[in-house]
1. Being at pLDDT below 90, under 30 Å from Leu205 (Cα atoms) and touching a Leu at 6+ places or on another chain (Cβ under 8 Å) is true for just one of Ile84, Ile28. Which residue is that?
2. Looking at the stretch 179-200, which of its residues are hydroxyl-bearing (Ser, Thr, Tyr) and either buried (at least 22 other Cβ atoms within 10 Å of the Cβ) or in a helix (DSSP H, G or I) (or both)?
3. Would you call Val128 closer than 17 Å to Arg184 by Cβ, modelled with pLDDT of 95 or more, surrounded by 15 or more Cβ atoms within 10 Å (Cβ to Cβ) and among the β-branched types (Val, Ile, Thr)?
4. Helices (runs of 4 or more DSSP H) wholly in the stretch 62-134 with at least 2 residues that are over 22 Å from Asn192 (Cβ atoms) - which ones?
5. Do you know which residues across the stretch 135-159 are assigned to a helix (DSSP H, G or I) and farther than 18 Å from Leu93 by Cβ?
6. Of the residues Ala71, Ala88, Ala95, which is surrounded by fewer than 16 Cβ atoms within 10 Å (Cβ to Cβ) and not basic (Lys, Arg)?
7. Could you list all residues from the stretch 165-201 that are within 14 Å of Ala89 (Cβ to Cβ) and hydroxyl-bearing (Ser, Thr, Tyr)?
8. If I ask for residues that are part of a loop (DSSP other than H, G, I, E, B) and modelled with pLDDT under 95, which ones from the stretch 160-175 would you list?
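The values are calculated or read from the model by the stated rules, or taken from the named source; none is laboratory data. Keep in mind the model is a prediction, meaning the values are calculated, not measured. As a convention, Cβ positions derive from the backbone with ideal geometry for all residues, glycine included, and neighbour counts pool all protein chains shown.
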Amino acid sequence: MCLGECTLSDLTAFVDRLDLVGSRATEISHIRSFYRWAVLDGKMDTNPAMRLLRPKVPRRLPRPISNEDLAMALTMAPTFEHSILMLAAYAGLRACEICQLRARSVLWTNVPRMIVIDEGKGGHEGAVPLHPVLEPVVRSLPNRGWLYPRRDGKPGHMSRHSISGYANRYLHSIGIDGTLHTLRHWFGTHVNQVNAGDVRESQELLRHQSLESTMIYTWVNPHRAAATIAALPTFT
């Protein structure tokens with residue numbers, strides 16, 4: 001069926017095939033954006049997705065890799081995988097951001113030194129300060145062009161799937177039940193702890209368009225929360 005012929009019922013049936021609420025919400029966002037553009041551009045007269053309701057995605061807890069697993073992974077990692085893990089853990093970069101890094105993405109003369117993300121999630125630009133431990137890692141990568149060029153010698157950069165695939169296979173090979181994205185969660189969780197819960201700063205460093213996304217990383221340490229509760233005055 002042509003997209004221009006779809007009805008609300010067709011679109012509802014299409015998204016209902018997805019089991020996960022988050023997946024349905026993402027799919028609906030894409031569909032609504034497409035039909036909104038089609039109407040504004042004069043390609044369609046009506047928008048069948050206008051009443052396609054996006055489900056509310058429940059707030060998730062962060063899934064950071066543990067300090068122990070991160071230390072082991074970094075200590076044992078081959079050079080290539082090590083660089084990917086470091087960029088995820090100490091710059092909070094997503095796989096889609098790592099694969100598109102160029103030599104010019106690092107502003108060495110800037111104070112502080114910065115990593116510039118030309119196109120992050122959703123096509124948005126961003127920047128994050130370069131952690132000192134990342135300097136030797138980045139300098140070991142190509143000093144011109146893509147930092148992660150295609151490994152088959154063809155023009156262009158590695159795909160985000162290749163970047164995450166290398167990292168995830170390595171983590172699983174050493175017994176860590178996690179993914180590259182859990183290192184970004186480690187970054188976000190620890191940034192929020194270090195900056196004492198400054199959500200706006202965390203939002204900028206994580207390059208989130210919405211504070212709602214950043215709130216995932218504001219989960220507090222349960223031991224600290226327990227200590228706070230225990231410190232409440234009692235009158236029994």
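1. Exactly one of Ile84, Ile28 is at pLDDT below 90, under 30 Å from Leu205 (Cα atoms) and touching a Leu at 6+ places or on another chain (Cβ under 8 Å), namely Ile28.
2. Within the stretch 179-200, Thr182, Thr189 meet the criteria.
3. Here the answer is no, as Val128 does not meet what is asked.
4. Helices (runs of 4 or more DSSP H) meeting the threshold: 67-76, 79-91.
5. Result: no residue meets the conditions.
6. Selected residue: Ala71, the only one of Ala71, Ala88, Ala95 that is surrounded by fewer than 16 Cβ atoms within 10 Å (Cβ to Cβ) and not basic (Lys, Arg).
7. If the condition is that a residue be within 14 Å of Ala89 (Cβ to Cβ) and hydroxyl-bearing (Ser, Thr, Tyr), then Tyr170, Thr179, Thr182, Thr189 are the ones that fit.
8. None; the set is empty.
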